[in-house]
Amino acid sequence: MDLLHLSTQGYVLIAVGVLALVTVLSIVLSIPITDVVWRYAPYAYPLPKAKALEAETLEVEEFEELREASLRDLATRLEELGIEPDRVRPMMRGNTEPVEVAIKRRAVEAVMDRLAESGPEDVEAMVKALMARYELEDLKAVIRALHAGEEPGELVDRPVLLEEDTWREVRDAKSVQEVLERLRGTPYDRGLEDALREYEETGSLLPVELALDRAYYEYLWDLATGEEVGEELARLLGLEIDLYNVEVALRGALMGLDPDTVLRAMADGGWELAEWRRRELAEAEDPSEVVEQVSGTSFGRYLRDALEEYSESGSADVLDRAVRRARYETVLDFVQSDIVGAPAIVQSVYAKQREVDNLIALVNAKVADVGFAPV
């Protein structure tokens, strides 16, 4: 009887021990699981929207198929994508501006309406920052028209960083000076006073355009170094600035610009290009020197691949396409490490912008009856 009692007591102690061990293990294992759940929970709502947006976006392979399409077939495809027929028809007569603007507007509306207000603060800030590149194009289109004494032509007409009232005032301005005055206190209000003074002294619009470009990219850098976006998104913003500065350096080398002029056009910040590297890029006298300077970066291989083709053709478009392809492909490489968080949502924005670049390039190639290669 005592032996039976001892045996039963032993089983009870073992059972209690196993239960305690299971409880401890459950608590220990639940800590990283809970951490992951809390980390990704804010993206549970915007992620399906982002994936739906990406699913509706034309992929590079589809552009390869459209390469062989006739201009009329392309017009039909654009209408199937939701571009209004009255925007597509002028393309058939050689006027691509209406359809180009419609393609951009379609992308901005899709991204802003679906993602800009549906995610956490970091996603919202990043989405707006990326889509503001079309707002920047509109600003420059307005000041170019006013400088030429004309009315602004087709505009995307969808404010992103600007308030609705401010954009309306800019769009309706009667002079370059008035546009810059309306931009006071906005994210574009950086160096505008000096740019306006130089514009009035020289009559050249270049200082104003460069000031707007720098303001935009330095706004990105402020986001990257602030607290609104996490490190994973900060890296993407830094790469945006790097690639802009490489683009400026390539343009400077092709045009034979003075190094000080090139350096002044570059934006502060970046992820892989330190300040001393930017100075060296500004001094490059040939595109091959620019490519050599960035050979060790994550995007250097795209420029190396394009350099041989540029050497054979002498076409600067080859290098421009390489920079744009680097922008999209490096993001794809980076996003693979975080397929459900903020980078995965932001990837859908890059995918939509890649579609815009490829659609516009395809339209122009078909109208001009020349070859087309998607980025």
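Considering the Cα trace of the stretch 233-337, what is its radius of gyration and what is Dmax, both in angstroms?
Here Rg and the maximum Cα pair distance are 13.0, 41 Å.
Give the separation of the Cα centroids, the stretch 130-201 to the stretch 203-258, in Å.
18
Would you indicate which of (1) 1.12; (2) 1.02; (3) 0.97 is the value of Rg/Rh (Cα atoms, Kirkwood Rh) derived from the coordinates of this structure?
(1)
Take GLU193 and GLU285, extend 7 Å from each Cα along the Cα→Cβ direction, and tell me the distance between the two endpoints in nm.
3.9
Where does each of 192-205, 227-240 land if you order them by average Cβ count within 10 Å, highest first? Mind showing how you got there, number by number?
Numbers: 192-205: 14.3, 227-240: 19.0.
Result, highest mean first: 227-240, 192-205.
Using packing as a proxy for protection, rank 245-253, 261-269 so that the peptide with the highest average count of other Cβ atoms within 10 Å comes first.
The densest-packed peptide leads the list: 245-253, 261-269.
What is the stretch 52-105's relative contact order, in percent, from Cα pairs under 8 angstrom and six or more apart in sequence?
Values: 24 pairs, mean separation 12.2, N = 54.
With pairs under 8 Å counted, the relative contact order is 23 percent.
Enter the angle in degrees (range 0 to 90, nearest 10) between the Cα long axis of helix 97-111 and the first principal axis of the Cα atoms of the chain, meaning the one along which they spread out most.
So the inclination is approximately 20 degrees.
Ranked from highest to lowest mean number of other Cβ atoms within 10 Å per residue, what is the order of the peptides 137-144, 101-108? Walk me through the intermediate numbers first.
Numbers: 137-144: 19.8, 101-108: 22.4.
Most protected by this proxy first, the peptides run 101-108, 137-144.
With the contact rule set at Cα under 8 Å and sequence spacing of 6 or more, what percent relative contact order holds for the chain?
Working: 399 pairs, mean separation 69.0, N = 375.
After rounding, I find 18 percent.
The numbers here are math on the coordinates, done by the rules we state, and not lab data. Computed from a predicted structure; not experimentally measured. Here Cβ is always computed from backbone atoms with ideal geometry, including for glycine, and neighbour counts include all displayed protein chains.
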